[in-house]
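Colleague: I have a structure here, written as structure tokens, and I will follow up with some questions on it.
The values are calculated or read from the model by the stated rules, or taken from the named source; none is laboratory data. These numbers were taken from a predicted model, which means no experiment stands behind them. Please note: Cβ atoms are built from the backbone with ideal geometry, for glycine as well, and neighbour counts cover all protein chains shown.
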Amino acid sequence: MTRSVALVAAVGLAVAVFAQDFFPAWPGFHTWQYAGAAAILMIAVAGYVGAASKGKDGERGYRLLLAMGGALVIGMTGLASGLLGADTLTIARAPGTVVPLPDLDAAAFFPNADAPSISQGDAEILLRRRDGSTLSVPAHGRRFVGSFALEVHPQTAAFIDARDERGDHLTVTQPTGTAFLSPVLLFPSSVQIQGQTLPADTFATPAVHRRVQAMYFSPTAGASTRVHQMVGTRAAILFAVDDESGHLVNGGLGVAADGSEALIGGIQLRPAIGSYPALVISAVPAPLPLVIGGIGLLAGLVWAFAWPRAQTPSELASALPRAT
Amino acid sequence: MLVGGYFGERGQVAGPGGGPAMLAGAPAVSYSVKRVDGVVDSLDNYRGHVVLVNLWATWCTPCRDEMPALENVYERERTRGLIVLGIDQGESATVAGAFARHVGVHYPILLDEEQRYGRAYAAIGLPTSLVVDRSGHIVRGIDGQLTLAQMRDAVEPALR
């Protein structure tokens with residue numbers, strides 16, 4: 001194994017493993033193809049280590065053993081997290097709920113949400129560990145806890161304000177949702193309308209014996225649809241209001257744009273459309289061996305290529321001016 | 001009881017799937033909301049009492065059936081430090097207040113229009129009841145309608 005091939009393999013291995021920290025949710029890290037590629041690179045590095053340790057690459061080869069050792073530690077760490085680490089997990093829960101995370105020895109607190117906070121979409125998830133310490137994960141942010149990366153991915157959500165025809169507030173329930181008493185729709189399912197796949201959710205207003213299907217139209221989807229009343233410049237929700245036997249009530253199909261109220265099937269519906277955070281948990285390489293391996297790799301490269309070599313007696317002698 | 005170990009000073013309690021029974025031992029969450037008489041109130045204002053929290057709504061038949069028993073236990077045990085706190089889920093003051101007056105309840109009723117108590121207490125249906133001790137910790141979380149005897153059995157250990 002030549003030195004250059006080994007160097008490329010070592011650096012490639014480090015890049016492939018450190019990439020897990022930068023793109024932790026990428027599912028490719030947990031595939032056999034990724035593990036196979038990492039194994040091939042490690043074999044290349046190990047082959048060079050075997051040759052260099054026998055002196056086949058001279059003093060520079062000896063010095064590179066430190067870098068190659070570091071690369072192998074990095075590779076094994078990355079291989080372990082890729083093969084043994086849990087697949088990426090996305091946790092979407094209703095506002096105000098707590099989810100135990102046994103692997104992290106912690107619990108995730110999903111923040112309460114009202115209409116303005118859903119519209120702003122900047123809520124962050126709080127992680128409380130058993131030792132009492134807390135860690136907040138902001139929208140689009142990333143935090144590391146041991147060999148896990150935590151990211152918050154905002155997902156489409158809508159806060160539903162429902163009132164009867166007299167304007168009295170109605171209880172919104174979600175018998176099939178993640179929280180029974182939640183007016184926040186998280187659109188976990190989807191429907192096909194006019195060739196478009198749209199996020200969908202359902203809720204009920206038991207006081208008036210209605211079940212409601214809600215289909216989310218982004219401004220783009222709304223602009224390209226032929227659904228009556230659709231507003232093309234704002235996000236909107238198409239509501240279908242059924243009675244308790246599942247039949248669409250008279251006037252039970254209508255659209256309410258973000259922040260606007262519409263009387264649909266005898267219910268005044270006002271959605272506040274925006275986003276609510278989902279927690280994405282991904283396995284990443286264990287930090288300690290990764291740091292040790294990284295230091296070894298860098299130190300070894302510096303030692304091999306940037307550190308002056310001690311000259312041998314014969315080199316010193318040849319460097320002296322010859323007496324004539 | 002993994003979840004119970006994580007309710008620090010923030011006091012938020014809940015979790016999917018387990019219902020209110022899983023909350024025993026956790027600090028009770030509190031939000032400031034209006035009462036039916038318009039005064040802002042919260043569960044925290046009753047610290048030092050044993051509180052029987054009752055999540056309900058006027059459309060819920062078991063909730064309505066349960067209210068006379070709640071009034072009864074409130075009248076019997078209030079001298080021992082029991083407060084019954086009804087928390088209407090998602091309805092207006094006019095609706096909830098009119099119904100409470102019609103039934104003749106005297107215990108305080110909060111209006112939780114955004115249903116925050118319901119989510120925090122992991123309600124999987126209505127009615128949902130919780131017994132909160134004098135230090136503000138949940139003793140029991142119960143899903144479904146209770147009889148007068150069941151209510152007294154639930155609050156008695158905390159009142160002792």
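Colleague: Would you mind stating whether A:E151 is in contact with a strand residue (DSSP E or B) (Cβ under 8 Å, 6 or more places away or on another chain), more than 8 Å from chain B (Cβ to nearest Cβ) and either in a loop (DSSP other than H, G, I, E, B) or at pLDDT below 90 (or both)?
Modeller: No; evaluated as a whole, the condition is false for this residue.
Colleague: Sticking with this structure for a sec: Of a type in the set (G, A, S), within 14 Å of chain B (Cβ to nearest Cβ) and either out of contact with any Lys or Arg (no Cβ under 8 Å at 6 or more places or on another chain) or not in a strand (DSSP E or B) (or both): does that describe A:G222?
Modeller: no
Colleague: Just wondering, is there one or more residues in region A:167-177 that are closer than 18 Å to A:P271 by Cα, more than 9 Å from every other protein chain (Cβ to nearest Cβ) and surrounded by fewer than 15 Cβ atoms within 10 Å (Cβ to Cβ)?
Modeller: No, region A:167-177 has no match at all.
Colleague: Would you point out which residue out of A:A71, A:A123 is within 26 Å of A:G28 (Cβ to Cβ), more than 11 Å from chain B (Cβ to nearest Cβ), in contact (Cβ under 8 Å) with a residue 24 or more places away in the chain and of a type in the set (A, V, I, L, M, F, W, C)?
Modeller: After applying the criteria, what remains is A:A71.
Colleague: Considering each of A:P111, A:P102, A:P95 in turn, give the residue that is crowded, with 20+ Cβ neighbours inside 10 Å and within 14 Å of another protein chain (Cβ to nearest Cβ).
Modeller: None of the others qualify; the one that does is A:P95.
Colleague: Every residue in region B:84-122 that is buried (at least 23 other Cβ atoms within 10 Å of the Cβ), facing another protein chain (nearest Cβ under 8 Å) and part of a loop (DSSP other than H, G, I, E, B), please.
Modeller: B:G90, B:E91, B:E114, B:Q115, B:A122
Colleague: Pick out the one residue from A:D21, A:D57 that is acidic (D, E) and buried (at least 18 other Cβ atoms within 10 Å of the Cβ).
Modeller: Unique residue meeting the criteria: A:D57.
Colleague: Hey, does region A:133-146 have a residue that's among the aromatic types (F, W, Y), within 10 Å of another protein chain (Cβ to nearest Cβ) and over 29 Å from A:G265 (Cα atoms)?
Modeller: No: region A:133-146 contains no residue that is among the aromatic types (F, W, Y), within 10 Å of another protein chain (Cβ to nearest Cβ) and over 29 Å from A:G265 (Cα atoms).
Colleague: If I ask for residues that are out of contact with any strand residue (DSSP E or B) (no Cβ under 6 Å at 6 or more places or on another chain) and closer than 23 Å to B:A123 by Cα, which ones from region A:111-121 would you list?
Modeller: A:P111, A:N112, A:D114, A:S117
The rows are residues; the columns are (1) crowded, with 16+ Cβ neighbours inside 10 Å; (2) at pLDDT 95 or above; (3) more than 14 Å from every other protein chain (Cβ to nearest Cβ).
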site: B:P16; (1), (2), (3): yes, no, no
site: B:A21; (1), (2), (3): no, no, yes
site: B:P27; (1), (2), (3): yes, no, no
site: B:R35; (1), (2), (3): yes, yes, yes
site: B:D44; (1), (2), (3): no, yes, yes
site: B:G48; (1), (2), (3): no, yes, yes
site: B:V51; (1), (2), (3): yes, yes, yes
site: B:W56; (1), (2), (3): yes, yes, no
site: B:W59; (1), (2), (3): yes, yes, no
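Colleague: Any residue at all in region A:303-312 that's of a type in the set (V, I, T) and modelled with pLDDT under 95?
Modeller: yes
Colleague: Can B:R78 be described as outside any strand (DSSP E or B), out of contact with any strand residue (DSSP E or B) (no Cβ under 7 Å at 6 or more places or on another chain) and under 30 Å from A:P116 (Cα atoms)?
Modeller: No.
Here is a yes/no grid of residues against (1) of a type in the set (D, E); (2) in contact with a helix residue (DSSP H, G or I) (Cβ under 9 Å, 6 or more places away or on another chain):
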| residue | (1), (2) |
| --- | --- |
| A:D161 | yes, yes |
| A:T171 | no, yes |
| A:F180 | no, yes |
| A:P188 | no, no |
| A:T202 | no, no |
| A:A240 | no, no |
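Colleague: Which ones in region A:187-211 are more than 14 Å from chain B (Cβ to nearest Cβ) and of a type in the set (S, T, Y)?
Modeller: If the condition is that a residue be more than 14 Å from chain B (Cβ to nearest Cβ) and of a type in the set (S, T, Y), then A:S189, A:S190, A:T197, A:T202 are the ones that fit.
Colleague: Could you check, for region A:225-240, whether at least one of its residues is surrounded by fewer than 21 Cβ atoms within 10 Å (Cβ to Cβ), in the same structural domain as A:T97 (by TED's automatic domain parsing), over 30 Å from the mean Cα position of the chain (by Cα) and within 18 Å of B:L126 (Cβ to Cβ)?
Modeller: Taking every residue of region A:225-240 in turn, none turns out to be surrounded by fewer than 21 Cβ atoms within 10 Å (Cβ to Cβ), in the same structural domain as A:T97 (by TED's automatic domain parsing), over 30 Å from the mean Cα position of the chain (by Cα) and within 18 Å of B:L126 (Cβ to Cβ).
Colleague: Failed condition for A:G252, given (1) surrounded by fewer than 17 Cβ atoms within 10 Å (Cβ to Cβ); (2) more than 18 Å from A:I118 (Cβ to Cβ), with all others met?
Modeller: If we test A:G252 against (1) surrounded by fewer than 17 Cβ atoms within 10 Å (Cβ to Cβ); (2) more than 18 Å from A:I118 (Cβ to Cβ), just (1) comes out false.
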